[in-house]
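Beneath this line is the structure, given in structure tokens, with notes to follow.
Read the figures in this text as sums done on the coordinates, not as results from a lab. What you are looking at is a predicted structure, and each value in this text was computed from that prediction instead of being measured. So basically every Cβ, Gly included, is an ideal-geometry build from the backbone, and we count neighbours across all protein chains shown.
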Amino acid sequence: MAKTSPLECVEVETAPISRFERLLDEDIRSELDQTMAGLADLMRGHVIWNVNSTARGGGVAELLASLIPYSRGAGIDERWAVIEGTPEFFHVTKKLHVLLHGVAADGETLTEDDRREYEAATAKNAAALLDEVRPDDVVILHDPQTAGLIPRLRDRGIRVVWRSHIGVDTPGEVVRRAWAFLLPYVGGADALVFSRRTYAWDGLERSRVEIIPPCIDPFAAKNRDMSELEVSKVLEQASLPNRGPMVLQVSRWDRLKDPAGVMEAFARHVAPRAGALLVLAGPAVMSVTDDPEQPQVLEEVMSQCGRMPDAVREAIVVAQLPMDDVERNALTVNALQRRADVVVQKSIAEGFGLTVAEAMWKGKPVVASRVGGIEDQVEHGKSGVLVDDPHDLRTFGESVVSLLGDPEKSADLGHEARRTVARKFITPCHLIAQGRLILDLLRT
Ligand code: UDP
């Protein structure tokens, strides 16, 4: 029979889970081995399908690219397919995405035409997928773009997990209306996965909701081990400072990351009391970018820096990291995080905050605002320092100064930080959580 339409299948490599052995505590190591072996056994002859809307770019593609090779390495036939759609379909899903974040323009809403467009595209993709999927396969659908496939797969008796990678802590009316658009599809899934408890929608059957936080890949260029010599070389090549003490924030140029607040707190409360350098690093901003706010925020940061007294200005580096070579960019971030004495994330709001996990993994003491997913990662006083009010410059600055002056405390916090990430937020943790979820589904 001719195929309904081509679904792009993304090539994925195979990687051995044994490479994590030396990074894991004994209990997690054996949990990983058991879960993966159990899953390989139950899924023999069947496939775990991941379906999302893009093969490249964005956090979900990055997550899949880093996870699937390990399942394959453990003998599980896990695959990755990408849906196709017309520009009109992607216009609707973009609108949906924005509404789910509650940031729609006044009165913007999803119409019946939008629903028709959405259903037409998802029906085509479901038909194409059903050409490939066998009855005892499991399908993991990622994000709102794919939710429309759920009912058609369920009608054929396929087990379906729907995974949302986005969410807001306090949903308003706009967000709830976007949920209402998706609920007819999502309600039928066997399991619903969210990144944080607060992201799970009201009105979903609680017993089907699972929480799986994002994870970082310890072997990726962003996080892999680096010798001090390599750190120095990478920083020199990028013309970045290679001396300390260094306070670092890595973020997109976004007001919610509050680079202006970091600089102000540094000028008022850190620079007068510690001879430290502040590095604010973010992506190089092109004149043409898909995020029109970034150049503006960067411009404000630069001019704010220019107005500082000479001594303070000389202690601040606003670093634009080139994005054309993704690997080089990741290595530069890695080197900066390793070179820093204190890593800060003074966000006003935060989804998860991968930069926090990345710094903690490198054993760094973190000073961060107690917002969003940062609170899931840092235990105040144990694995970092949390500042309750993200606008409190004094507490923020004083926390930084106190860590700069106390290497022992910094080392203790950093040690505990790395342990936390090793137990909760690296690739194996995700493999275990998702593996268990699928095992539960298969056994019921
Ligand atoms: N990042 C990067 N280069 C930059 C700035 C940020 O690679 O110049 C990375 C950073 O290391 C992290 C991600 O972008 O992995 C940002 O994720 P996070 O969850 O911290 O914030 P988001 O940008 O998703 O709000």
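Numbers below:
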{"item": "Angle in degrees between helix 407-424 and the longest Cα principal axis of the chain, rounded to the nearest 10", "result": "0 degrees"}
{"item": "Label-zone membership for segment 120-140, site Glu84, 7 angstrom Cα→C-beta point, backbone N under 15 Å", "result": "121-132"}
{"item": "Summed side-chain charge close to Asp77 - residues other than Asp77 whose Cβ falls under 13 Å, Lys, Arg +1, Asp, Glu -1", "result": "-1"}
{"item": "Crossing angle, helix 87-100 versus the chain [Cα axis fit, 0-90 degrees, rounded to tens]", "result": "60 degrees"}
{"item": "Other-chain or far-sequence residues with amide H under 5 Å of Phe352's (modelled H)", "result": "Gly373"}
{"item": "Neighbour net charge for Ala178 - beta-carbon separation under 14 angstrom, K R +1, D E -1", "result": "0"}
{"item": "Sequence-distant aspartates and glutamates (8 or more away, or on other chains) whose Cα lies within less than 12 Å of Lys95", "result": "Glu108, Asp114"}
{"item": "Total formal charge among the other residues, if their Cβ is under 13 angstrom from that of Ala40, Lys/Arg +1 and Asp/Glu -1", "result": "-2"}
{"item": "Between segment 380-411 and segment 242-291, the alpha-carbon center distance in angstrom", "result": "16 Å"}
{"item": "Positive-pole candidate from Val262, Ser207, Val231, dipole of segment 190-285, charges at beta carbon", "result": "Val262"}
{"item": "Cβ charges +1 (Lys, Arg) and -1 (Asp, Glu), total dipole of segment 328-423, debye", "result": "500 debye"}
{"item": "MRE, 222 nm, helices only [DSSP H, n ≥ 4, -39500 (n - 2.57), over the chain, to nearest 500]", "result": "-14000 deg cm²/dmol"}
{"item": "Aspartates and glutamates whose Cα lies under 14 Å from that of Lys409, excluding same-chain neighbours fewer than 8 positions away", "result": "Asp341"}
{"item": "Charge dipole (debye, nearest 20) of segment 173-316; +1 at Cβ of Lys and Arg, -1 at Cβ of Asp and Glu", "result": "360 debye"}
{"item": "Angle in degrees between helix 228-237 and the longest Cα principal axis of the chain, rounded to the nearest 10", "result": "90 degrees"}
{"item": "Total charge dipole magnitude, the chain, about the Cα centre, Cβ charges on Lys, Arg, Asp, Glu only, Debye to nearest 20", "result": "500 debye"}
{"item": "Selected from Val161, Val103, Val12 as most flexible by GNM, with the chain as the system and alpha-carbon contacts under 10 Å", "result": "Val103"}
{"item": "Proximal aspartates and glutamates to Lys382, defined as alpha-carbon separation beneath 15 angstrom and excluding residues fewer than eight positions away on the same chain", "result": "Asp406, Glu408, Asp412, Glu416"}
{"item": "Antiparallel DSSP beta bridges within the chain, percent to nearest 5", "result": "5 percent"}
